[in-house]
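The values are calculated or read from the model by the stated rules, or taken from the named source; none is laboratory data. The structure presented is a predicted model; accordingly, all values stated were derived computationally and were not measured. Neighbour counts run over all protein chains shown; Cβ positions are idealised from the backbone, glycine included.
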C-alpha cells in the first residue's frame, strides 16, 4: 500500500509492535437469499454462478478463493459466507482482517475473506504483508485468544517474535472442571523421554498425532485404576494421557510471554486501538456494510477505507492544525468517490 510507505517515510510507523484483529462486514445480500442443500448441489451452483459471471464480466472470483459453507449459499452474493454475530441471526458476511502499528495506529496490512474464515488462519499472512509493506521486521505481535493457537505460538517463536497473544488453551482449561489435573502438573524427564504424574507414576510415549504435531504420553490403565488420585486426574477407563508438542520448548516460551504483565498491558492497549480504528472506519467510511457484491469488490472497498484512514493520520501529523479539517473532509470525500468504483 502506497499510503503505508508514505507513513513510514514520515516516521509514523515503528513497525516492531503490531496489533491484530478482525471484524465482520454485512454483505449486500439479505439472509432470505441463502439457500440450503447437499454439498455437491451447493458446489455445482457456485460453479454455475462463476461460469455465468466469467461470460458477463472481465473478471471473476479469484482461483484461490477458499470454499466455505458447503451446505448453503447466498443467491445474491455467493462469496458472502453465512455467519452468526452475537445473538443475532445468521446472514451473509465478509471478514476484514487488519494489522495496525502501535506508534500512531497506521494500518499496515489488511485482508478480506468470507466471514467464516477463522482469524487465527490469517495471522502469518498478515505478518508477511506487514513486513513487505513497511520493510520492518515485526518483533511483538498482540492479539486476543482467538489468535493464540499452538500453531501461531510456535510459528511466531520460530520467527523470533514475542507473542503477547491471549492463550486459547488457557481459556479452554478455565471452562473445564477445576478438579481435574492439567498437563502442566506432570513433570517431563527429557533424559528418559517420559512424564511423571503427581502420584509418581510413569507416562510413556505412545504415538504422534500427524496434524497437531503432538506426541501422546500414556499411563497404564491398570495403574490409573488403582491410583488414589484418579478422581482428580482422569475420568477415562483407559488411563491418563498427556500431549507434548514436537516444539514444546518454543510453545512454553510463547505461553510464558502471553501470560506476562507486559502482555496484559499490551492487550489492553490493543483493545482500545483496534476498536478506535474499526469505529472510525464504521462511523466515517461505511465500513460495516458492503457497497458491492463478490469478494474482489469487497476487497476494493476495504483497501480504499484503509488507505483513506492512513492519509488522514498522515495529514494530521504533517499539519496538526488541519487535523480536525482532515477528519471532517475525508469522510465526505470518500462518500463522493466510492460510487465511481462501482461495477
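Residue 251: assigned to a helix (DSSP H, G or I) and at pLDDT 90 or above, yes or no?
Yes, satisfied.
When you go through (1) surrounded by fewer than 13 Cβ atoms within 10 Å (Cβ to Cβ); (2) in a loop (DSSP other than H, G, I, E, B); (3) modelled with pLDDT under 90 one by one for residue 180, which number turns out not to apply?
It is condition (1) that residue 180 fails.
When only residues in segment 151-166 that are within 15 Å of the chain's Cα centre (by Cα) and part of a helix (DSSP H, G or I) count, which is modelled with the lowest pLDDT?
Filtering segment 151-166 for residues that are within 15 Å of the chain's Cα centre (by Cα) and part of a helix (DSSP H, G or I), the one modelled with the lowest pLDDT comes out as 151.
For segment 190-236, enumerate the residues that are within 21 Å of residue 250 (Cβ to Cβ), in contact with a strand residue (DSSP E or B) (Cβ under 7 Å, 6 or more places away or on another chain) and assigned to a loop (DSSP other than H, G, I, E, B).
193, 213
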